[in-house]
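Since the structure comes first, as structure tokens, the remarks are kept for the end.
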Amino acid sequence: MKLSTTEFRAMQSLPRKWGQRYFELPMFKRMGLDLRDKDVLEIGCGSGYGAFLLSSLSPKRYIGLDVMEEQIDLAKKQYPQFQFIVQGAEDLSQFADASKDVVIIFGVLHHIAEWRNAIDEVVRVLKPDGSLFLEEPRGVDVKVFDALFRWGHPDTDFGLKALESHLTHRNLVIQTRQWTPLLTMYHAIK
């Protein structure tokens, strides 16, 4: 889904970048994120700040996807050294089976109406023993943010119980899980 104007601005803000740099990425690293010489796919790359942060971990290859052309245009302008593609996560057919070592999702899955299809595609493109690092708010938090800020997230059954159930159903092993007041972060292995 495309972001509302309000949420688009929020995702470009300094507080969002600060949180990603000083909270989310360090927490993923404590959970085992290691990108050295890995083939990395980021779903929902936005304006590319995640690519910039992840590059400090020396991946072999990075590709960022986002459905918003505006986001990809910003990413390409700000970080021309990385590859960015306008692409949804529900159909990753341009990527071969078992072609990615790591898939990273910084709080985007709840934006995808067909989020289960996105997880299914992630599982397909992950190599054996590949890792998914995923951060998401609780489903109830999404509803509260929509009520307060009119961000317009898709009306789905997304929530942490449904997410964990689907990860397990797709034979991903949740290796670590970290809860914070606003976010839950996962490291799942294929």
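One table, with the values for the structure above:
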| quantity | calculated |
| --- | --- |
| Count of region 77-101 residues which are surrounded by fewer than 17 Cβ atoms within 10 Å (Cβ to Cβ) and either in contact with a Phe, Trp or Tyr (Cβ under 6 Å, 6 or more places away or on another chain) or polar (S, T, N, Q) (or both) | 6 |
| Condition check for ASP146: under 21 Å from PHE28 (Cβ atoms) and modelled with pLDDT under 85 | no |
| Looking only at region 26-52, and only at residues there that are among the hydrophobic types (A, V, I, L, M, F, W, C) and surrounded by fewer than 20 Cβ atoms within 10 Å (Cβ to Cβ), the one that is farthest from TRP179 (Cα to Cα) | PHE52 |
| Residue list for region 159-190, restricted to those being among the polar types (S, T, N, Q) and surrounded by 14 or more Cβ atoms within 10 Å (Cβ to Cβ) | THR176, GLN178, THR184 |
| VAL102 being at pLDDT 95 or above, under 26 Å from MET68 (Cβ atoms) and touching a strand residue (DSSP E or B) at 6+ places or on another chain (Cβ under 6 Å) | yes |
| Selection from region 106-143 of residues that are in a helix (DSSP H, G or I), modelled with pLDDT of 95 or more and among the hydrophobic types (A, V, I, L, M, F, W, C) | ALA118, ILE119, VAL122, VAL123, VAL125 |
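Here is a yes/no grid of residues against (1) over 14 Å from the mean Cα position of the chain (by Cα); (2) of a type in the set (D, E, K, R); (3) in a helix (DSSP H, G or I):
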site	(1), (2), (3)
LEU54	no, no, yes
PRO59	yes, no, no
LEU65	no, no, no
LYS76	yes, yes, yes
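The values are calculated or read from the model by the stated rules, or taken from the named source; none is laboratory data. Predicted model only: the values in this text are computed from it and were never measured. Glycine gets a Cβ as well: all are built from the backbone with ideal geometry, and neighbour counts include every protein chain shown.
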